[in-house]
């Protein structure tokens with residue numbers, strides 16, 4: 001059996017997942033470029049592969065149909081937008097992901113970014129690096145209305161963190177009923193949530209636009225927006241306009257429609273940008289990578305020693 005590796009950082013900080021593959025006596029095809037593979041690069045990479053440890057490389061129908069030996073894909077992470085699951089099913093390629101692994105790391109990152117924006121840490125850091133000593137008043141989290149758009153594993157864990165700060169949790173999720181929520185959680189419509197929110201945090205699945213021009217018009221001045229889910233959920237132009245007119249006082253984005261990101265949001269100091277690294281903790285990467293390896297070996301019917 002031959003196993004291709006997609007993620008450039010696979011087993012970079014902890015060799016345990018790689019050792020599991022070696023113990024299974026498979027041939028390993030490493031990522032030859034040390035970065036995310038393009039469609040033109042992933043096709044030859046999979047030419048002789050029986051299985052793939054997948055990152056965010058494009059795994060569309062053309063790619064999967066060209067991978068004639070491929071029997072299983074194990075995604076390191078939650079999102080499956082880069083995998084054509086319909087084509088995979090038609091081609092009898094088993095597909096798995098690691099939904100549990102990222103929960104703690106992403107929730108921590110959401111909290112970290114929110115606190116940094118509330119207390120204006122990026123601006124203070126820039127000032128001091130430029131030799132400017134200037135104090136400004138920030139805002140605390142207590143009594144803030146935090147709107148969670150999507151309330152799965154990560155949203156719920158983030159909500160648990162926020163309880164310690166005495167925030168009010170507003171939940172917008174079409175699959176939930178009031179009885180699904182705790183006493184201190186309030187189910188709201190999108191329109192109501194946008195009107196009340198001091199903080200909006202995106203945790204929705206799928207890639208459809210959620211915050212477009214019409215939604216930004218419903219927000220109250222000074223709102224903070226957090227996106228650790230998918231870049232396509234936010235209209236970038238509408239976000240820029242809302243930052244410039246002070247409707248949005250700050251935003252944190254870890255995901256983008258086009259990555260690596262080099263767009264105009266880099267010009268706005270109120271927008272905190274990180275390079276899709278919410279899952280990048282030692283504990284999280286090891287957990288996801290090890291789970292992905294076990295999923296792949298299971299789907300390929302390979303017994304571990």
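The values are calculated or read from the model by the stated rules, or taken from the named source; none is laboratory data. Just so you know, these numbers come straight off a predicted model, no measurement behind them. Here Cβ is always computed from backbone atoms with ideal geometry, including for glycine, and neighbour counts include all displayed protein chains.
Residues of segment 189-240 being part of a loop (DSSP other than H, G, I, E, B) and either on the phi > 0 side of the Ramachandran plot or over 21 Å from the mean Cα position of the chain (by Cα) (or both), which ones?
Listed by number, the residues that qualify are 189, 197, 198, 206, 219, 220, 221, 222.
Can you tell me which of 29, 3 is buried (at least 16 other Cβ atoms within 10 Å of the Cβ), touching a residue at least 60 places away in the same chain (Cβ under 8 Å) and in contact with a strand residue (DSSP E or B) (Cβ under 6 Å, 6 or more places away or on another chain)?
3
Working only within segment 277-305, note down all residues that are more than 22 Å from residue 126 (Cα to Cα) and part of a loop (DSSP other than H, G, I, E, B).
278, 279, 280, 281, 300, 301, 302, 303, 304, 305
Restricting to segment 248-278, count the residues that are touching a strand residue (DSSP E or B) at 6+ places or on another chain (Cβ under 7 Å) and within 23 Å of residue 218 (Cα to Cα).
10
Would segment 211-226 turn up any residue that is touching a helix residue (DSSP H, G or I) at 6+ places or on another chain (Cβ under 7 Å), at pLDDT 95 or above, surrounded by fewer than 21 Cβ atoms within 10 Å (Cβ to Cβ) and closer than 30 Å to residue 14 by Cβ?
The answer is no; no qualifying residue exists.
Going residue by residue through segment 107-118, is there one that turns out to be closer than 28 Å to residue 190 by Cβ, touching a strand residue (DSSP E or B) at 6+ places or on another chain (Cβ under 8 Å) and outside the structural domain of residue 189 (by TED's automatic domain parsing)?
no
Residues being farther than 15 Å from residue 6 by Cβ and either in contact with a helix residue (DSSP H, G or I) (Cβ under 9 Å, 6 or more places away or on another chain) or not in a helix (DSSP H, G or I) (or both): count how many of those fall in segment 85-100.
Qualifying residue count for the region: 8.
Take the residues in segment 49-72 that are touching a residue at least 40 places away in the same chain (Cβ under 8 Å) and part of a strand (DSSP E or B), then tell me which one is nearest to residue 227 (Cα to Cα).
So, considering only residues that are touching a residue at least 40 places away in the same chain (Cβ under 8 Å) and part of a strand (DSSP E or B), the one nearest to residue 227 (Cα to Cα) is 54.
Scanning for something modelled with pLDDT of 95 or more, more than 15 Å from the chain's Cα centre (by Cα) and within 23 Å of residue 256 (Cα to Cα), does segment 99-111 turn up at least one residue?
Among the residues of segment 99-111, not one is modelled with pLDDT of 95 or more, more than 15 Å from the chain's Cα centre (by Cα) and within 23 Å of residue 256 (Cα to Cα), which makes the answer no.
Determine whether segment 176-185 contains at least one residue that is surrounded by 21 or more Cβ atoms within 10 Å (Cβ to Cβ) and touching a residue at least 12 places away in the same chain (Cβ under 8 Å).
No, segment 176-185 contains no residue that is surrounded by 21 or more Cβ atoms within 10 Å (Cβ to Cβ) and touching a residue at least 12 places away in the same chain (Cβ under 8 Å).
Name, by its number, the condition in (1) touching a helix residue (DSSP H, G or I) at 6+ places or on another chain (Cβ under 8 Å); (2) assigned to a helix (DSSP H, G or I); (3) modelled with pLDDT under 95 that does not hold for residue 18.
(1)
Say whether the condition of being out of contact with any strand residue (DSSP E or B) (no Cβ under 7 Å at 6 or more places or on another chain), assigned to a helix (DSSP H, G or I) and in contact (Cβ under 8 Å) with a residue 12 or more places away in the chain is met by at least one residue in segment 161-171.
Yes, because at least one residue in segment 161-171 is out of contact with any strand residue (DSSP E or B) (no Cβ under 7 Å at 6 or more places or on another chain), assigned to a helix (DSSP H, G or I) and in contact (Cβ under 8 Å) with a residue 12 or more places away in the chain.
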